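Below is one structure, written out as structure tokens; comments come after it.
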Amino acid sequence: MPATVPALRHMIQALEENFPNGDYLWGYTQAHREDWEMVKTALDMGASTVRIGFEDSDMIAPGVHVDNNAALIAKVSDIVKSKGMMPMTPDEVRAMQPSAIILSGGPASVGEARRCAVKKEERNVW
């Protein structure tokens, strides 16, 4: 499924239909990401996690590759902060329970170093 707003809406709708009481969390990741627009959109639409890492994309801007994950994490952290949210610390992420659903494919990996999650008090998710 392509990384588009309609595709993201479709996946969220599927969650709403299958969990009508709203008892779910979801996050976003994007293979071959070239920019950050869909990451921003996912956060705006309620994503509780954003997974970023070299195995998905090493681009920090269109056509600009980086040589480590730290630059990608710094970028997504800045995006999270620009939305009035606070990224979790690595220790807070490691302490999470494996209850989030990553829309693009499977259960969340607790303690995964390349995840930027939003603090509970900022988004009321954890």
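Any residue in the range 69-79 that is touching a Leu at 6+ places or on another chain (Cβ under 8 Å) and among the aliphatic types (A, V, I, L, M)? Show your work before the answer.
Kept after step one, since they are touching a Leu at 6+ places or on another chain (Cβ under 8 Å), are these residues of the range 69-79: 79.
Restricting the remaining residues to those that are among the aliphatic types (A, V, I, L, M) gives 79.
Yes, that holds for at least one residue.
Within the range 71-97, restricting attention to residues that are small (G, A, S) and surrounded by 11 or more Cβ atoms within 10 Å (Cβ to Cβ), which residue is farthest from K40 (Cα to Cα)? Step by step, filter the range 71-97, then rank; the result is A95. Restricting attention to the range 16-46 and to residues that are hydrophobic (A, V, I, L, M, F, W, C) and touching a residue at least 60 places away in the same chain (Cβ under 8 Å), the residue that is nearest to K81 (Cα to Cα) turns out to be L43. Note on the range 17-57: among residues that are outside any loop (DSSP other than H, G, I, E, B) and among the aromatic types (F, W, Y), the one that is nearest to P2 (Cα to Cα) is Y28. Residue under question is E37, and the condition is that it be within 16 Å of the chain's Cα centre (by Cα), at pLDDT below 90 and of a type in the set (D, E, K, R); does it hold? Criteria not met by E37.
The values are calculated or read from the model by the stated rules, or taken from the named source; none is laboratory data. Predicted, not measured: the structure shown is a model, and the values here were computed from it. Reconstructed Cβ throughout: ideal geometry from the backbone, glycine too, with neighbour counts over all protein chains shown.
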